[in-house]
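So the structure is just underneath, and the comments pick up after that.
The values are calculated or read from the model by the stated rules, or taken from the named source; none is laboratory data. Being a predicted model, the structure only gives us computed values, none of them experimental. As a convention, Cβ positions derive from the backbone with ideal geometry for all residues, glycine included, and neighbour counts pool all protein chains shown. Each accessible area value is taken on the protein alone, full model and side chains, heavy atoms only, with ligands, DNA and RNA left out. Shrake-Rupley method; radii C 1.70, N 1.55, O 1.52, S 1.80 Å.
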Amino acid sequence: MSNCAIVGINWGDEGKGRMVDLLTKNYDIVVRFQGGGNAGHTVINEKGKFALHLLPSGIFRDGVVNILGNGVALDPENLWKEINEVESQGIKLTPENLKISDRASLLLPWHRMLDELEENRLADKKYGSTKQGIAPFYSDKYQKKTILAGELFYPEELKSHLEDLLEWKNLTIKGVYGADPVTISDIYKWVDDYCSKIRPFICDTGLFLKEASKNGKSILFEAQLGSLRDLDYGIYPYTTSSNTTAAYAPIGSGFPQAKIEDVVGVVKAYSTCVGEGPFVCEMFGDEAEELRKAGFEYGAKTGRPRRVGPIDIVATRYGVEVQAATCIALTKLDVLSYMKEIPVCTKYIVDGKETDHFPFPMALNAAKPHIEYFKGWNCDISGIRRFEDLPEEAKEYILFIEKEIGCPIKYVSVGAERDSIIIR
Ligand code: GDP
Ligand code: MG
């Protein structure tokens, strides 16, 4: 069977977790291939309501194997807490249904500490980090200054590797930030407290994926965040520190040979953005507050109110291209039901000229949105399960977006629950 990636087209929080939870019924394996515990994927199904951060959203399906690939920021402390949390909600995680790549790098206690120190130093110029240590972690990974999960099976070598890294890291902690150095006994304790707990889940997941694929198993790749937060293609430097794009999925999963036939791009029916950075279509005042309340737009990880705006066709079209999406899941359409008129950002105005083209990050600061209005439908659509049963105004809105972004909208989500979906 064919493989699939589920990726975000916008700034994140499009409803990827919700779509993974739905579509895993067709797959044998789910792999998270990038990012860390700074994600917040909310899933609501017959087992309850869950806020996932690092765990793949396939953990609710019996028989599905969930993998944390080598591309993730593996934070043993937060992962262990998250495992306990979902287990307390009745979800069983064992080395059979959760596997962690031995090639995943460990997010170490000083990464979180440095994230905080740097955001504080930046003060009003901060990047809007979730302070989970993600940027310091990825910098260190690319400097080859962190630990691979598989090293936990080599305790003697691990000790001396940690000592070397700590000596180097304290130069920055003390010398650059003037903070208290981290001690090796703190680190050993942390290894005992958390790393030993996740060790049973660690294995060669690349080998597992290769064998599974040979035996005809299908794989679903789950991304965190969205196109516009991709390190290379997003709104740099207000991006995350990894690649959120489908093209990275085979690399970050441990299965570089993987062919991905289907890329489901998740698009929200309006725009939201957590944290700093240019957000051309942003709404303000009462209009924004009303939309934020209607969509309950507060971060799952941070509780921060999300910035909101109308759907941004320019950014969404770009996001679709970057992901090479083969179809779209349009989510949260039900949230717009209260609007008499629905605003849509159809173009940008840059230097007095209209453009369809998503500009260079710095040019976004001067871009202005060109807004057009669609007639609202003003009725509850959350119970609708067939496209033809939607009000004409809703169909028009969907078909307009589909035409403008140049990608078929296959799924329309009208509620947060697993089955609140229209499949075309
Ligand atoms: P992710 O990070 O892309 O997985 O998205 P989040 O889970 O952070 O944010 C999406 C939010 O919208 C979650 O609270 C979901 O439960 C909720 N949600 C997803 N799809 C729908 C939908 O179609 N309608 C409504 N009303 N809520 C939805
Ligand atoms: Mg989220």
*Close pairs from region 391-417: first open to solvent by 50 Å² or more (accessible area, probe 1.4 Å), partner among the polar types (S, T, N, Q) and at pLDDT below 95, Cβ under 9 Å, at least 6 apart*: 416/42; 417/45
*Which residues, counting only those in region 1-50, are charged (D, E, K, R), touching a residue at least 40 places away in the same chain (Cβ under 8 Å), over 25 Å from residue 314 (Cα atoms) and within 13 Å of ligand 1 (Cβ to nearest atom)?*
21, 32
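With the structure loaded, tell me whether residue 56 is in contact with a Lys or Arg (Cβ under 9 Å, 6 or more places away or on another chain) and within 16 Å of ligand 2 (Cβ to nearest atom) or whether it fails that test.
It is true that residue 56 is in contact with a Lys or Arg (Cβ under 9 Å, 6 or more places away or on another chain) and within 16 Å of ligand 2 (Cβ to nearest atom).
Filter region 216-225 down to residues that are open to solvent by 20 Å² or more (accessible area, probe 1.4 Å) and over 21 Å from the mean Cα position of the chain (by Cα), then give me how many there are.
Looking only at that region, the number is 2.
Quick grid of which residues meet (1) touching a residue at least 40 places away in the same chain (Cβ under 8 Å); (2) within 16 Å of ligand 2 (Cβ to nearest atom); (3) under 22 Å from the mean Cα position of the chain (by Cα):
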| site | (1), (2), (3) |
| --- | --- |
| 186 | yes, no, no |
| 194 | yes, no, no |
| 229 | yes, yes, yes |
| 235 | yes, no, yes |
*How many residues does region 313-340 contain that are away from ligand 1 (no atom under 16 Å from the Cβ), touching a residue at least 60 places away in the same chain (Cβ under 8 Å) and not in a helix (DSSP H, G or I)?*
3
*Could you tell me which of the residues 102, 62 is on the phi < 0 side of the Ramachandran plot, touching a residue at least 24 places away in the same chain (Cβ under 8 Å) and acidic (Asp, Glu)?*
102
*Does residue 274 satisfy the condition of being among the β-branched types (Val, Ile, Thr), open to solvent by less than 10 Å² (accessible area, probe 1.4 Å) and within 16 Å of ligand 2 (Cβ to nearest atom)?*
no
_From the options 242, 253, 213, residue that is of a type outside the set (Asp, Glu), within 16 Å of ligand 2 (Cβ to nearest atom) and crowded, with 17+ Cβ neighbours inside 10 Å_ = 242
*Have a look at 124, 140, 102, 164 and point out the one that is of a type outside the set (A, V, I, L, M, F, W, C) and open to solvent by less than 10 Å² (accessible area, probe 1.4 Å).*
140
*Considering each residue of region 105-116, count those that are in contact with a strand residue (DSSP E or B) (Cβ under 9 Å, 6 or more places away or on another chain), in contact (Cβ under 8 Å) with a residue 60 or more places away in the chain and not in a strand (DSSP E or B), and give that number.*
1
